[in-house]
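Data block below; observations after.
The values are calculated or read from the model by the stated rules, or taken from the named source; none is laboratory data. What you are looking at is a predicted structure, and each value in this text was computed from that prediction instead of being measured. Here the Cβ positions follow ideal geometry from the backbone for every residue, glycine too, while neighbour counts run over all protein chains shown.
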Amino acid sequence: MGPKLTPRLRAVADRVPEGARLADVGTDHAYLPVWLLLQGRIPSALCTDLRPGPLDRARETVARWGVADRTALRRCDGLDGVRPQEVDCVVIAGMGGETILHILARAPWVGEKTCLVQPMSSLPDLRGGLAALGLHVARETLAREGETLYVVLDLAPGPEGPLTAAERWVGRPEAHRGDPLWPEYLARETRRLRRALAGLERSRRPGDEPRRQELEAALRGLEQRKEERENADSMGHL
Ligand SMILES: C[S@@+](CC[C@H](N)C(=O)[O-])C[C@H]1O[C@@H](n2cnc3c(N)ncnc32)[C@H](O)[C@@H]1O
């Protein structure tokens, strides 16, 4: 019963703790909070969005599935209209990494909550920008939807040590431990890095040099990880 969740949203839903009062930032259609409410997984949901059109869509979903008594809709930038004591879990899904950083920076209290983010772009900037906000990635979960792999990040308080270029690009290996999609993610991101580097090679603008160095360092790191994984696999077969 309820709206059907895509694998991406289902991966986010699976990380929401049972019984948590949820804030769904940038809710749009509100499928995630309404699904969680109908499953009995959360007692209440606070849905925010910057724009009236998405909030109208959220209102329609909430009314259609009869959960208006447990849902609040607010128009605001990120968490600006949410008080920390109102929620236990914050979800920011389906937005670019820079927008997610902007929202987190304006709500320094998110580190005290379960905080799940699902970026659609700029993952290296997001991973790299968390330390300045006193946050780090505790876990990364991958979800496949058609040809695309999406990443859900569980954030936790406290900065971690500086990330390498490869860690900014694909996350720390510990954060992905046991994820069956990890080898595929590593292979895809390696191909993406090679394409980006080939593009920079063709354009050869002097201002691109720092980016080229960053991407080369990331590619070396990813190739090393692949080698380590293959070595570990072959040891396992001895
Ligand atoms: C692509 S939709 C994602 C909807 C849903 N969260 C999901 O993952 O399927 C992005 C939504 O975020 C909203 N949005 C963008 N920037 C925002 C901000 N700073 N604060 C609140 N909502 C924002 C947009 O209006 C849009 O409705």
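One table, with the values for the structure above:
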item	result
Members of segment 93-138 found to be assigned to a strand (DSSP E or B), in contact with a Pro (Cβ under 8 Å, 6 or more places away or on another chain) and more than 15 Å from the ligand (Cβ to nearest atom), listed by number	T114, L135, H136
Members of segment 135-162 found to be under 22 Å from A105 (Cβ atoms), at pLDDT below 95 and not acidic (D, E), listed by number	G158, P159, G161, P162
Filtered residues of segment 39-58 (kept if crowded, with 16+ Cβ neighbours inside 10 Å and either more than 22 Å from Q118 (Cβ to Cβ) or more than 16 Å from the ligand (Cβ to nearest atom) (or both))	R41, S44
Pairs where the first residue, in segment 72-92, is under 20 Å from R59 (Cβ atoms) and more than 12 Å from the ligand (Cβ to nearest atom) and the second is in a loop (DSSP other than H, G, I, E, B) and of a type in the set (K, R), C-beta under 7 Å, 6+ apart	E86/R21; V87/R21; V87/K113
